[in-house]
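Here is the structure we will look at, set down as structure tokens.
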Amino acid sequence: MDDAYLYLRYQPWWQKKSRKYTLQIETHLDYLVKFRTLLDALYGHFQEVYFNRCELAYDFPFPMGNVFLASNTGRGGT
């Protein structure tokens, strides 16, 4: 089974965030080659390309009751 994914988000002009008219594309680095044709076609229409973020995930070999997570920025999750 092919687990490749490509997630697209568009930032319309009327939303109150920093970058208007922004298309964000998310996929795993291993899948970039799989979506190269589409990404190359989109690239021909972009004015600029930005690296947005990199996320890390950790697999703790402990029960969640034994793990404490806290933000060092003061931002809390919901």
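Observations
- Burial ranking of peptide ranges 43-51, 24-32 (average Cβ count within 10 Å, highest at the top): 24-32, 43-51
- Between PHE62 and LEU38, the modelled labels are 3.9 nm apart [label points 7 Å from Cα along Cα→Cβ].
- Separation in nanometres of the label points that stand 7 Å from Cα toward Cβ, at HIS45 and ALA4: 2.0
Where a number appears in this text, it was derived from the coordinates with a stated rule and is not lab data. Quantities reported herein were computed from a predicted structural model and do not represent experimental measurements. Note that we place each Cβ from the backbone using ideal geometry, even for glycine, and neighbour counts take in every protein chain shown.
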